[in-house]
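Notes to accompany the following structure.
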Amino acid sequence: MTLAPNSYTEIPYEEKKRLFDEMRADPRYQDHLYGCYECGICVAACPSARFYDFSPRKIAQALARQDVELIYEQLNDDIWNCSQCFSCTRCPRGNNPGGLITVMREVAVNNGLGSARDALEGYGRVVYKIMGTGTQVSPDMLQPNAFPDWGPHVKEISDHLDVWRRALPPETLHTTTTAWQVDDRTITELYFIWHATGVMEMIEEVDEGLYEILNDVMEDVLEDAGFDDL
Amino acid sequence: MSKIPLPIVQERRERQRPATPPTEDIREKVFEIEDAGEWTVHRVPEPYTEVTTKYGRTKKIPHQGLWHHKSCGQCGHIPGYSTAIFWLMRKLGFEYDDPKDQTSCTAWNYYASATSNSAAQAAVAMRNFGAAYESEHFPLIHCGTSYGHYKDVREELVAHPHLRAKVRSILDKLGRPFVMPEEIVHYSEWVYAMRHEFAARQVLDLSEITATVHPACHYHKLVVEDAIYDPDIYGGQRTAVVTAVAQALGAEVADYSTWFDCCGFGFRHILVQRDFTRSFATQRKIEVMVDEANPDVVLTHDTGCVTTLDQSQFSGKAHGRKVGVPVMSEAQFAALAMGAHPYKVCQLHWHNTENRPLLEKMGIDWKERWREFEDELKQLESGEKEYVTWDDVDAEPVATGSDS
Ligand code: SF4
Ligand code: SF4
């Protein structure tokens, strides 16, 4: 019996089941779920549960009960609220609800679900940065319009960015567009990893524009380096 | 909110530690895989310090010859964090490698967007480990998330031969060796292991300073059995890193009830859903610290935690919340205690929350130090100098507290 009888009724049960089976096929799934006492210890430790209508207990419970309808609902409405802090590894049953959510998110991205597309809206520049340059945040991301809630301090940094970076003793940190200097061979190797592990296909599922841009950047580099058997 | 008095926490220690660790020792499996010829184990170089982990096992923390696996958020937005780690190593006269053939672990993005998978994450980790091995330096992981994530990756690679085979074939194509380090070591473990060396070189008296410590989630909640616990610190009931360092330097570490809570970083939240981050950081962490401990400084040991706890206070202040406590890493705090320049080394001008009253209380003449830093900036701006270098900084006499 499902605990979510009226949710997403327009989606056939088979499709919801297919997504659940994809989660279960992830090798980590078995390591992260052993059942659930429904004790709520994970909820007490969970920061997102304090702020959102969100519960790691419900996630673990739905998966342990194999409640396909409820799992589909969570896949759409809940998983992106998690902070991935792993406070829930306090679980006395040995579950890792945060780890289960990582797996669920991957399935959402792999299948281009609306929840994944929504969650990643406005996030493309960060994905571009990490996949394209090898570091996740760069000094030049500190712009007042990106962080208005951090106050005038951000403008001060962006106004002085070049000279403040040159005032750093470690020579690898004299960069403004990457967090540190990453050499060309290393970047090429990273591009190869994204292609060889199916990450490029994941990006294509959720953001075709970003996929095109990344592919443009990577294609020639990989070819020049002799990685043409992708 | 009420906290359990520390003496009671400390008393629990001997009664609670199990006679046999409840988890397997993954490092034994790592060596078995080497015996089977599947990978090389990168040995911890000597000399090393042996420390105790959660269930009483021993972990080796190497002293020098380290490959600094840098952190995106530290290098990008709070660069005094990374610089202070290097500076501490230089002050002890230790050789190290600050590599350019390192990528991010990419886990911040993975935990934020899930636009990756196990194989990609493991390949990124093993490429970095391979690069460290080739440089004949042992990896020292600056970021708490990289550290926790790499330990997860190690578990996955050990548990799943198919994953191992796939990642190995990628490393083969890249021409990199397939190497697993004997230990995965966080910089704060190195700082913990070296704390008495720092105390011996300390020039400031910190006995009037009260700190609160935020233990980073990805340090002690991922692969929990591998984090450092010390019977002398919280009775071995909480991780000892950071706290032990502040205490060794003579500061008082005050307790607060929400110590286990995360900082509110949230990975995706800090970038695109900061309403959560701001509220959690100020209401569940900073305000509780102020109410219960009234600290002069918050010390922590991870990129996201310093960023979140520091930057979130601006909006908290606008809403009249009880905020306004400076935040830094314990590495920066230790460096200041040893006379590091607050701006040239610790780069505190990249931090948001007002820290000058703290510097004054520590006995640092921040006005004079800022003037010196501005002189450097003028030289850079005029073209007289292209960069500030380690030679410039190493040549400086240590700033003692007496000139304030
Ligand atoms: S990982 Fe997610 S579910 Fe677990 S405690 Fe953190 S926010 Fe909650
Ligand atoms: S997942 Fe674990 S901690 Fe959470 S309710 Fe179930 S048994 Fe309790």
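Some observations on this one:
- Interface A-B: total buried accessible area of about 7400 Å², 1.4 Å probe, protein heavy atoms only.
- Counting only DSSP H runs of at least 4 residues, each contributing -39500 (n - 2.57), and dividing by the residue count of chain A, the helix-based mean residue ellipticity at 222 nm comes to -16500 deg cm²/dmol.
- Note on segment B:174-242 and segment A:194-221: Cα centroid distance 38 Å, given to the nearest whole angstrom.
- Estimated FRET transfer efficiency when R0 is 35 angstrom, pair A:Y34-A:E212 (beta carbons, to 0.05): 0.25
- Using alpha-carbon coordinates, inclination of helix B:118-134 to the longest axis of chain B, degrees: 80
- Of the solvent-accessible surface of segment A:4-53, computed with a 1.4 Å probe and all protein chains present, 53% belongs to carbon and sulfur.
- Rounded to 10°, Cα long-axis angle of helix A:68-77 versus longest principal axis of chain A: 30
- At a Cβ-Cβ separation cutoff of 4.7 angstrom, cysteine residues of chain A with no neighbouring cysteine are A:C36, A:C39, A:C46, A:C82, A:C91.
- Where the Cα pairs of the protein assembly as shown fall when distances are cut into 10 Å bins, in %: 3, 16, 28, 28, 18, 6, 1, 0
- Taking amide H atoms as placed 1.01 Å from N in the peptide plane, the amide H of A:A167 lies under 5 Å from those of B:V388, each 5 or more residues away in sequence or on another chain.
- Using distinct alpha-carbon pairs, which all enter the 1/r mean, Kirkwood radius of segment B:280-404 in Å: 15.7
- Just the protein heavy atoms count here, and of the accessible area of segment B:27-187 at 1.4 Å, carbon and sulfur take up 45 percent.
- Solvent-accessible area per residue, Å², over the protein assembly as shown with all protein chains present [probe radius 1.4 Å]: 36
- Heavy-atom accessible surface of segment A:122-224: percent carbon and sulfur, 1.4 Å: 45
- Accessible surface for B:H319 stands near 150 Å², nearest 10, in the context of the full protein assembly shown (1.4 Å probe).
- Order of exposure, largest accessible area first, which applies to B:E46, B:E374, A:E223 with probe 1.4 Å: B:E46, A:E223, B:E374
- Contact order, relative form, for chain A: 17 percent (alpha carbon pairs under 8 Å, 6 or more residues apart, mean separation divided by residue count).
- Using θ = phi - 60° in the Karplus curve 6.51 cos²θ - 1.76 cosθ + 1.60, the 3J(HN,Hα) couplings for segment A:99-105 round to x, 5, 5, 4, 5, 4, 4 Hz; x is entered for Gly and Pro.
- Centre-to-centre, using Cα atoms only, segment B:311-370 and segment A:62-87 are separated by 40 Å.
- Theoretical gain in end-to-end length, A:E14 to A:H160 [0.36 nm per residue, Cα-Cα removed]: 46.9 nm
- Residue of A:Q84, A:Q143, A:Q30 that the Gaussian network model of chain A assigns the largest fluctuation, springs spanning Cα pairs under 10 Å: A:Q143
- Interface residues of segment B:200-236, defined as those losing at least 50 Å² of solvent-accessible heavy-atom surface relative to the isolated chain (probe radius 1.4 Å), are listed as B:K221.
- Overall Cα dimensions of segment B:239-309 - principal axes, largest extent first, Å: 39, 24, 18
- 0 to 90° range, to nearest 10: angle between helix A:208-224 axis and chain A longest Cα axis: 50
- Three principal axis lengths of chain B [C-alpha, angstrom, descending]: 61, 57, 43
- If you wrap the tightest convex hull around every Cα atom of chain A and split its volume per residue, you get 170 Å³.
- Going by accessible surface with a 1.4 Å probe and the largest first, A:D224, B:D152 read A:D224, B:D152.
- Kirkwood analysis of segment B:140-222, using all unique Cα-Cα pairs, places the hydrodynamic radius at 15.8 Å.
- Residue of B:I33, B:I78, B:I61 that the Gaussian network model of chain B assigns the largest fluctuation, springs spanning Cα pairs under 10 Å: B:I33
- Helical contribution to [θ] at 222 nm, DSSP H n ≥ 4, -39,500 (n - 2.57), averaged over chain B, rounded to 500: -12500 deg cm²/dmol
- For the Cα trace of segment A:122-224, dividing Rg by the Kirkwood Rh returns an Rg/Rh value of 1.03.
- Residue-level accessible surface for B:R356, protein heavy atoms, 1.4 Å, Å²: 100
- Remark: segment B:203-368 is approximated by an ellipsoid whose semi-axes, taken from the C-alpha gyration tensor as √(5λ), come to 23, 21, 14 Å, largest first.
The values are calculated or read from the model by the stated rules, or taken from the named source; none is laboratory data. All values derive from a computational prediction rather than experimental measurement. All Cβ positions, even for glycine, are placed from backbone atoms using ideal geometry, and neighbour counts span all protein chains on display. What goes into the accessible areas is simple: the full protein's heavy atoms, side chains included, and nothing from ligands, DNA or RNA. Shrake-Rupley method; radii C 1.70, N 1.55, O 1.52, S 1.80 Å.
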